[in-house]
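J.: Here you go, one structure.
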Amino acid sequence: MLARAADAQPGIMLLRTIPGVGIRTAEAFLAYVDNADRFGRNKSIGRYFGLVPKQDASGGVNRMGRITKEGPAIVRKMLVEAAWQGIRHSPTIRAYYQRMKHDRDDRNKKALIATAHYLARVMLAMLKTAEAWREQSEPGQPSTSTGSR
């Protein structure tokens with residue numbers, strides 16, 4: 001019954017074209033975002049879901065800490081799981097993860113959170129433009145035609 005209701009929503013079907021994003025992740029993301037146009041920039045979705053680092057600036061020192069964890073925890077967890085699945089099934093998402101990892105094993109968690117943040121930005125861009133997911137054709141090129149990532 002829920003699957004039939006999800007199939008009737010064009011936004012959910014659009015988000016499900018991303019490797020690793022399932023029905024529940026798409027539903028939760030769409031439910032919390034509601035209107036994609038209320039986000040002026042795609043980068044602001046990271047703050048909304050708490051996927052950006054805390055900042056401790058004092059004097060001339062600027063330290064970036066752990067993520068803020070503001071916003072809905074369930075969507076943040078679903079985005080992280082979608083990132084894991086995307087890393088396994090999509091060359092584009094895997095390449096982004098590897099780029100964030102910098103070939104260092106101690107950066108696995110940071111790279112995973114950065115990948116989840118990337119997915120959230122891509123999902124928001126897809127909702128704004130109504131374009132389906134496309135794997136990148138050349139290294140360094142974005143997977144959708146929206147340039148605001």
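Bear in mind these aren't lab numbers, they're just calculated from the coordinates by the rules spelled out. What you are looking at is a predicted structure, and each value in this text was computed from that prediction instead of being measured. Note that we place each Cβ from the backbone using ideal geometry, even for glycine, and neighbour counts take in every protein chain shown.
J.: Return R41, R76 ranked ascending by Cβ neighbour count within 10 Å, so the fewest neighbours appear first.
T.: By the 10 Å Cβ count, ascending, the order reads R41, R76.
J.: Moving on. Could you give the size of the charge dipole of the stretch 1-49 about its Cα centre, using +1 on the Cβ of each K and R and -1 on the Cβ of each D and E, expressed in debye and rounded to the nearest 20?
T.: Roughly 200 debye, rounded to the nearest 20.
J.: Counting only helical runs of four or more DSSP H residues, what would the 222 nm mean residue ellipticity of the chain come to if each run contributes -39,500 (n - 2.57) and the total is spread over all its residues?
T.: Values: 7 runs with 78 residues, N = 149.
After summing the helix terms and dividing by the residues of the chain, the value is -16000 deg cm²/dmol.
J.: Follow-up. Please arrange K101, K54 by how many other C-beta atoms lie within 10 Å of their C-beta, fewest to most. Please list the in-between numbers first.
T.: Details: K101 18, K54 13.
The most exposed by this proxy come first: K54, K101.
J.: Related question: Quick one: check the C-alpha center-to-center distance for the stretch 74-115 versus the stretch 1-41, whole angstrom.
T.: Taking the Cα centre of each part, the stretch 74-115 and the stretch 1-41 sit 20 Å apart.
J.: Against the longest alpha carbon principal axis of the chain, how many degrees, from 0 to 90 and to the nearest 10, is the axis of helix 23-33 turned?
T.: 70 degrees
J.: How far is helix 108-129 tilted, in degrees, relative to the longest principal axis of the Cα atoms in the chain, given as a value from 0 to 90 rounded to the nearest 10?
T.: Roughly 40 degrees between the two axes.
J.: Arrange the following residues from fewest to most other Cβ atoms within 10 Å of their Cβ: S90, S44, S58.
T.: On the way: S90 20, S44 13, S58 7.
Exposure proxy ranking, most exposed first: S58, S44, S90.
J.: I want the local charge near Q85. Using Cβ-Cβ distances under 14 Å, sum +1 for each Lys or Arg and -1 for each Asp or Glu among the other residues.
T.: Within the 14 Å Cβ shell, the charges total +4.
J.: Can I ask one more? Considering Cα pairs under 8 angstrom that are at least six residues apart, work out the relative contact order of the chain and quote it in whole percent.
T.: Reported as a whole number, the value is 27 percent.
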